[in-house]
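K.L.:
I'd like to ask you about the structure that follows.
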């Protein structure tokens, strides 16, 4: 993998803000001509810096307004148990994020659902998939900030062009 320069960071930042930009629009935004810009985008994709381009769907409008952070504790810490548990959790469509944690909580899940009854259905599926020591749920009352954009400006200062 090559090191990223300020043009690479500018391309990534622009695509994070709007993944629908054409190469012409993108090249104008970052100050490159179309062919070098296109080659950089291809390289960023090939090297895995750009994983995918997606549309962000309004969860409220589609009927999934409830976000729940689910803390999971377990007394099982072997690789086989984790592999089975991870596969089962990954298969639950309500789970948007799934993290193995340090500290008092073993796993943290970010879950979306329609309402309390929807969460209860999810909870019953979750406790069925594996032996858990504890499950704690915290319902988000208000989403104050949401972004999928990484703070690339923190990394790109002082880089050569």
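The values are calculated or read from the model by the stated rules, or taken from the named source; none is laboratory data. Worth saying up front: this structure is predicted, and the values here are computed from it rather than measured. Glycine also receives a Cβ, built like all others from the backbone with ideal geometry; neighbour counts cover every protein chain displayed.
Results for (1) over 16 Å from residue 156 (Cβ atoms); (2) in contact with a strand residue (DSSP E or B) (Cβ under 7 Å, 6 or more places away or on another chain); (3) assigned to a loop (DSSP other than H, G, I, E, B); (4) modelled with pLDDT under 95, shown as yes or no for each residue.
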| position | (1), (2), (3), (4) |
| --- | --- |
| 12 | no, no, no, no |
| 15 | no, no, no, no |
| 28 | yes, no, no, no |
| 37 | yes, no, no, no |
| 41 | yes, no, no, no |
| 45 | yes, no, no, no |
| 49 | no, no, yes, no |
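K.L.:
Okay, next question. Just to check your reading of the model, which residue among 85, 98, 122 is within 20 Å of residue 149 (Cα to Cα), outside the structural domain of residue 11 (by TED's automatic domain parsing) and surrounded by 14 or more Cβ atoms within 10 Å (Cβ to Cβ)?
P.N.:
Working: 85 fails: within 20 Å of residue 149 (Cα to Cα); 122 fails: within 20 Å of residue 149 (Cα to Cα).
Answer to the check: 98.
K.L.:
Can we say residue 138 is in contact (Cβ under 8 Å) with a residue 40 or more places away in the chain and part of a strand (DSSP E or B)?
P.N.:
When the stated conditions are applied, residue 138 passes them.
K.L.:
Residues of the stretch 60-82 being farther than 19 Å from residue 136 by Cβ and surrounded by 17 or more Cβ atoms within 10 Å (Cβ to Cβ), which ones?
P.N.:
64
K.L.:
Of the conditions (1) farther than 28 Å from residue 16 by Cα; (2) touching a strand residue (DSSP E or B) at 6+ places or on another chain (Cβ under 8 Å); (3) touching a residue at least 12 places away in the same chain (Cβ under 8 Å), residue 130 satisfies every one except a single condition; which number is it?
P.N.:
Result: residue 130 passes all but (2).
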